[in-house]
Structure formats: structure tokens, C-alpha cells
Amino acid sequence: MPKVLFALTSHDRLGDTGRRTGFYVPEIAYPAEVFTAAGWDVGVVSVQGGEAPRDGVKEGDTVSAAFLAAYADELKNTPSANQLDPADYDVIYFVGGHGTMWDFPGATDLAALTSAIYSRGGVVAAVCHGPAGLLSADLDDGSPIVQGKQVAAFTNEEEAAVGLDDVVPFALETALIEKGAKITKAENFAAHAVADGRLVTGQNPASATRVAELAILQATPA
């Protein structure tokens, strides 16, 4: 059975706003539904291990509620990247949420796991703020995994639209461009996902399901 590993932030504070943050639940719940329906196994990892902080749960979202119930134990006891074997995973999928902006870029063990999965032929996927986890991931030759690749991520315009461009520690779109990514984007909050070989990325929460679908396609032998 093929397996996807969802990578989650361990950061729970939204800068100095006094608000809580974490991983954005719909960005794992809806993709997980796609993967499991396709016969995949689902695993989780977080930057620090242990219980992963969450955000984005809305009343009436039955898919997210079902996911949180089904994976309650896994989310409370996530492993860290140095406890995992890259050979066990066919896809690693970086889930967004604003917490990622603080801890994904410096998560060296997670970056090393990502690079190892990619180098052995696996797919690397990310959505919304999840591509922050790609900033430290390199290819075997030391070049950034996003260099020269089409990449979608939460845009500078979207960050301004939600009023957090002065709260996050950096602008994700700008940072990806500085790593050599070729940013592709749609209008604010419109669904947009792109596969450039075995790198699959999406712009925002509305793109999470399509990222999962594209990741499965890229991971399936022709």
C-alpha cells in the first residue's frame, strides 16, 4: 500500500498578536480523504513531535471533524522527522497554516527527510503556507528543490488581504522566488495547483484537494 506523510507545524503562536495558530486542519483532512479513497495509507510528522497545534476548524465541516476523530491518537503523538525512514513514504505533503512560517524553514531534519524522499523517486507536495517547508530542502547536488520549478503558494497579495503581511516573519512568495522558484498563481483565494514533475504545490486552502489528486498522479507509474 502506498503511503503519504503529512508534515505539520509545531508552532502555535501567531507572532505578537496573542492569537493561536497551527496547522490548518482542512488542508490535511480533505487531502487525506482523497488519499485514503485511492487506497493509500496516511502518516503524520511534525517539526518537534508530540501534539501538533491546529487551526481552521469550522462548525459544520464534517470532513475535518471526521479526520480529527479518526486520527486523534496520531495527531496527539506525532513523530519528528529524525524518527522516520524516507523509504517508507511515496509522498510527503506539507500542510499549511500560519504556524509553518515560523518553524518550517529551519526544520533541518524535515528538510533532510524531504530531500531523501524526493531523491529516491518520491513526490514532494505542499499547499498554501506549506511551501515554507521547501525553502530548506535541496536536491542531491545541493541546489534548492524549488529552483527552476513552477511553484504555487499563498501569495503576497493573499497575505495582505488577510491582514497578516506585517505579522508573518517573511513573505513566502518572495522567499520562494529568491530560491529560484517560478511562481504561478491565480486570483486571491481561487483554487490553483501545479505539478512540475514530482513537485506538486497549491496556492491556498481551496487548492488542497487538487494537490492531493496531482500528487497521486505523479506518484503512480505510467
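The values are calculated or read from the model by the stated rules, or taken from the named source; none is laboratory data. These numbers come from a predicted model, not from an experiment. Glycine also receives a Cβ, built like all others from the backbone with ideal geometry; neighbour counts cover every protein chain displayed. Accessible surface is based on the protein model in full, side chains and every heavy atom, while ligands, DNA and RNA are left aside. Shrake-Rupley method; radii C 1.70, N 1.55, O 1.52, S 1.80 Å.
Structure notes:
- Hypothetical label at T220: residues of region 13-55 whose amide nitrogen lies under 20 Å (7 Å Cα-Cβ projection): 30-43
- Shape index of region 1-104: Rg/Rh, with Rg the Cα radius of gyration and Rh the Kirkwood radius from the inverse mean 1/r over Cα pairs, equals 0.96.
- For region 161-222 versus region 123-148, the gap between their alpha-carbon centres in whole angstrom: 11
- Heavy atoms of D140: accessible area, 1.4 Å probe, square angstrom to 10: 130
- Segment Q150-N77, length gained on full extension (0.36 nm per residue, minus Cα span): 22.9 nm
- Value of relative contact order over region 35-186, rounded to a whole percent, pairs C-alpha under 8 Å and six or more apart: 19
- Label sites at A87 and R120, each approximated as a point 7 angstrom past Cα along Cα to Cβ, lie 0.6 nm apart.
- If you look at the Cα atoms of region 82-222, you get an Rg and a Dmax of 13.9, 45 Å.
- Rg [Å, one decimal], Dmax [Å, integer] - region 71-149, C-alpha atoms: 12.3, 39
- Local electrostatic count at Q203 - Lys and Arg +1, Asp and Glu -1, tallied over other residues with Cβ under 13 Å: -4
- Surface accessible to a 1.4 Å probe, per residue, for the residues of the chain, Å²: 42
- With every protein chain in place, the chain: carbon and sulfur % of accessible area (1.4 Å): 47
- Greater than 32 Å apart at Cα, pairs in K76/K185; K3/K185; K58/K185; K3/K58: K76/K185
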